[in-house]
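To keep things clear, I will list the structure first and then write my remarks on it.
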Amino acid sequence: MKTFKIVQKEVKVIEQHVCDICGSDMIPDRYNSFDASEITIEAKIGSVVPGGDLREKFSIDCCSDCFQYQVVPLIENKFKIRFKENSMDLES
Ligand SMILES: [Zn+2]
């Protein structure tokens, strides 16, 4: 037999998430928008050993507008490369 009790627990939620480039609020209004943009600019450099993770993490928080109109053109122009663009429908 299982018995249940109701407990309250603290949950950590994002209070504020701003773009490091333009300072805009990046928390989408899920009730008024279907925006599901996800941008991750991150690197983990180093080694993982049995005793622990020795990697150094580098990251910035970036909104979709800054990624599309600032970061992508900057990297493409600097390194003469093109980002791959794929519909998420085709990847599933
Ligand atoms: Zn931005």
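Structure above, values below:
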read-out: Mean separation of Cα contacts under 8 Å (6+ apart) over length of the chain, as relative contact order %; value: 22
read-out: Nitroxide proxy distance, nm - points 7 Å out along Cα→Cβ at residue 64 and residue 7; value: 3.8
read-out: Computed FRET value (nearest 0.05) for residue 20 with residue 90, which takes r as the C-beta separation and R₀ as 25 Å; value: 0.25
read-out: Value of [θ]222 nm, deg cm²/dmol, for the chain, DSSP H segments ≥ 4, -39500 (n - 2.57) each, nearest 500; value: -3000 deg cm²/dmol
read-out: Under-5 Å amide H pairs with residue 18, H placed in peptide plane, nonlocal only; value: 26
read-out: Tensor-based shape of the stretch 9-84 (alpha-carbon gyration tensor, a/c under 1.5 rounded, otherwise prolate or oblate); value: oblate
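Every read-out reported here was derived from the displayed coordinates using simple, explicitly stated rules and does not represent laboratory data. On a predicted model such as this, the values are computed, not experimentally measured, just so you know. Note that we place each Cβ from the backbone using ideal geometry, even for glycine, and neighbour counts take in every protein chain shown.
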